[in-house]
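The values are calculated or read from the model by the stated rules, or taken from the named source; none is laboratory data. Predicted model, so just to flag it, every value in this text is computed and none were measured. Cβ placement follows ideal geometry from the backbone for every residue including glycine, while neighbour counts extend to all protein chains displayed. Accessible surface is based on the protein model in full, side chains and every heavy atom, while ligands, DNA and RNA are left aside. Shrake-Rupley method; radii C 1.70, N 1.55, O 1.52, S 1.80 Å.
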Amino acid sequence: MKLLFKSVLLTAALSVSAVHAQSANTLDQLLDQVKKNRVSEARINQKREAEFNSARADKQALVKKAQAELKAEQARGDRLAKQFADNEITLANKEVELKNATGTLGEMFGVVRQASAEAYGRISSSIVSAEYPGRSDFLEEMSSETKGLPSLSELEELWFALQTEMTESGKVSRFNTEVVSLDGGSKTESVVRVGTFNLIGEEGYLVYDAESKQVLPLGRQPDSYMTDSAIDFSKETSGVHPFYADPSRGGILGLLIAKATMMERYHAGGLPGYVITGLFFLGLLIALYKIITLTLIGGKMRSQLKNIENPSSGNPLGRILNVYKENKNVDVENLELKLDEAILRELPSIESGTNIIKILAAIAPLLGLLGTVIGMIATFQQITLFGTGDPKLMAGSISMALVTTAEGIIAALPLLLLHSMVAGRAKSIVHILDEQTAGIIAAHAEAEKA
């Protein structure tokens, strides 16, 4: 045991001695490496210091140069400020001299410029400019903010422009110009100008667009009688002819174009209006059918009255006469019952459809009232959402309310008249049947007494 312990201690001592020897070698190398790095870093630092000193000298030179430029610019700014102040004084003196030199001509300059501005606004939008383009360019220059006084030639040009407008306002002129169509194309056509009021083309009224300086057709022509009179007027070459002129220079035409057409008013009724229309046409067809059939029956019955001895089964009177012919030998009471039964069999075919027309005539105004209620409900909903600031938002619903009422009344009136006609024809046929039946019974009763 002691020998083993001594062996372990000896081994540990040898190991420690080897580690110390190896550590000593590594530290020497580390010392040499530190010395070498120290020399290298010293050289790098010296190089950096030299570069910094060189750049510092350059920066100082740049700073001095910038300071010199700043000083020069400040001096230049002072000179310009002094020059600006001197110029302001000079301008003020010159304005005083100009005012003294112009005297009363300054008022004339203001009047000329005001008159030029007013003439430019009127002439640039005048339809006379469609025949004489470029008239407003000079007036635009005259009405601009110019400092000089107008020359005599410029005053004459202004006078000529105003005189031309007044002269042409009393003429009816024909000229050729380019008219832009609604599909984007253009063509040259003969245009008639009526004073300063209207332009007339091959298809009706035209307008002059001052911004694009082009002649354009109306988006929609007014009523046909106005358009036809304008087209006929444009084809005439002399004499006096009627014509619908717009003294407002397009304002009234614009209102006529914006006015809703009959079809637009009809479609404003919406679904209730369509239902009313359907019921109206249904009642109209039934009434026409009944009028035709009752007229034919009435004609056949009138023919039968002329030939009572030979009854025909093709008409109600003939069928009743056949019943009498088959029951000549019965007593009066039974014959009366037989004839009454025959008349009752004929009544459904004669009076069928009459009540339907009457019912449709009664339903149409009620549907119109329903459309009115729906339109007013929509109107109040829009008022709740958007207020009453813009009446156009409520116009559609109000139109529906009014149009459906009108449609219901318009549908009911003809249906009532047709119902009256159909009912009258049916009653006349029934009256003939009752009259002939009463005559047959009376004749049969007299025959029995005899």
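For R302 paired with I257, estimate the spin-label separation in nm (one decimal), with each label point 7 Å from Cα along the Cα-to-Cβ line.
My value for the distance between the label points is 5.7 nm.
For the stretch 114-179, take N as its residue count and report Rg(C-alpha) divided by 2.2 N^0.38 Å.
Normalised Cα radius of gyration, the stretch 114-179: 1.19.
Report, in deg cm²/dmol and to the nearest 500, the calculated mean residue ellipticity at 222 nm for the chain, where each DSSP H run with n ≥ 4 adds -39500 (n - 2.57) and the sum is divided by the residue count.
-26500 deg cm²/dmol
Please state the shape class of the stretch 406-450: rounded when a/c is under 1.5, otherwise prolate if a/b exceeds b/c and oblate if not, all from the C-alpha gyration tensor.
Numbers: a/c = 11.51, a/b = 8.77, b/c = 1.31.
Note, shape of the stretch 406-450 comes out prolate.
Where only protein heavy atoms count, and the probe is 1.4 Å, what is the accessible area per residue for the stretch 327-379 in Å²?
Numbers: 3040 Å² over 53 residues.
That works out to 57 Å² for each residue.
What FRET efficiency comes out for D434 versus Y289 if R0 is 30 angstrom and r is the Cβ-Cβ distance? Round to the nearest 0.05. Mind dumping the intermediate values first?
Details: r = 24 Å, r/R0 = 0.82.
Plugging the Cβ-Cβ distance into 1/(1 + (r/R0)^6) gives 0.75.
Give me the one-decimal nm value for the distance between modelled label points at E211 and T188, 7 Å along each residue's Cα-to-Cβ direction.
Those two pseudo-labels are separated by 2.8 nm.
Mind listing the long-range amide H neighbours of V172? Cut-off is under 5 Å, sequence gap 5 or more, other chains count too, H placed in the peptide plane at 1.01 Å from N.
The answer is G195.
Report the gain in length on full extension from T26 to E97: 0.36 nm times residue separation, minus Cα-Cα distance, nm rounded to one decimal.
Taking 0.36 nm per residue and subtracting the Cα distance, the gain is 15.3 nm.
So how much slack lies between K427 and N37, counting 0.36 nm per residue of separation and subtracting their Cα-Cα distance, in nm?
Using 0.36 nm per residue and subtracting the Cα-Cα distance, I get 126.7 nm.
For K99, list the lysines whose Cα falls under 30 Å from its own Cα; do not include residues on the same chain fewer than 8 positions away.
Within the straight-line limit of under 30 Å, K99 reaches these lysines: K82, K147.
Given R₀ = 51 Å, what would the calculated FRET efficiency be for Y266 paired with M166, taking r from the Cβ atoms and rounding to 0.05?
In this case the efficiency is close to 0.65.
Charges on Cβ only, +1 for Lys and Arg, -1 for Asp and Glu, centred on the Cα centroid of the chain; of G318, G170, V128, which one is farthest towards the dipole's positive end?
The Cα lying farthest towards the positive end belongs to V128.
Could you give me the percent of Cα pairs per 5 Å distance bin for the stretch 244-401, shortest bin first, beginning at zero and ending with the bin that holds the maximum distance?
Once binned at 5 Å, the Cα pair distances of the stretch 244-401 give 1, 8, 10, 10, 10, 9, 8, 7, 6, 6, 5, 5, 5, 4, 3, 2, 1, 0, 0.
Over 24 Å between C-alpha atoms is what I'm after, so list which of K290/K338; K325/K449; K328/K449; K259/K358 land there.
Listed pairs above 24 Å: K290/K338; K259/K358.
Using the Kirkwood radius over Cα pairs, work out the Stokes-Einstein diffusion coefficient for the stretch 278-368 at 25 °C and 0.890 mPa s, in µm²/s as a whole number.
Values: Rh = 15.3 Å.
Translational D for this selection: 161 µm²/s.
A57 versus L385, label points 7 Å from Cα toward the beta carbon: distance in nm?
Those two pseudo-labels are separated by 8.4 nm.
From the square roots a ≥ b ≥ c of the eigenvalues of the alpha-carbon gyration tensor of the stretch 177-218, which class results: rounded (a/c under 1.5), prolate (a/b over b/c), or oblate?
It comes out oblate by the Cα gyration axes.
Before anything else, pin down the relative contact order of the stretch 256-348: Cα pairs under 8 Å, at least 6 apart, normalised by residue count, whole percent.
14
For the chain, what are the DSSP H helices with axial Cα length of 30 Å or more and mean Kyte-Doolittle hydropathy of at least 0.5?
On the way: long enough: 2-102 (139 Å, -0.54); 270-305 (52 Å, 1.25); 354-386 (49 Å, 1.61); 392-449 (84 Å, 0.80).
Helix filter hits for the chain: 270-305, 354-386, 392-449.
If you roll a 1.4 Å probe over the chain with all protein chains in place, what percent of the accessible area is carbon or sulfur?
The computed percentage sits at 61.
Would you look at the GNM of the chain, springs on alpha carbons closer than 10 Å, and say which of A406, A66, A161 moves the most?
A66
So what are the three principal axis dimensions of the chain from its Cα atoms, in whole Å, longest to shortest?
Principal extents (Cα only, largest first): 175, 131, 43 Å.
What's the Cα-based Rg to Rh of the stretch 25-67, Rh via Kirkwood?
Rounded to two decimals, Rg over Rh is 1.45.
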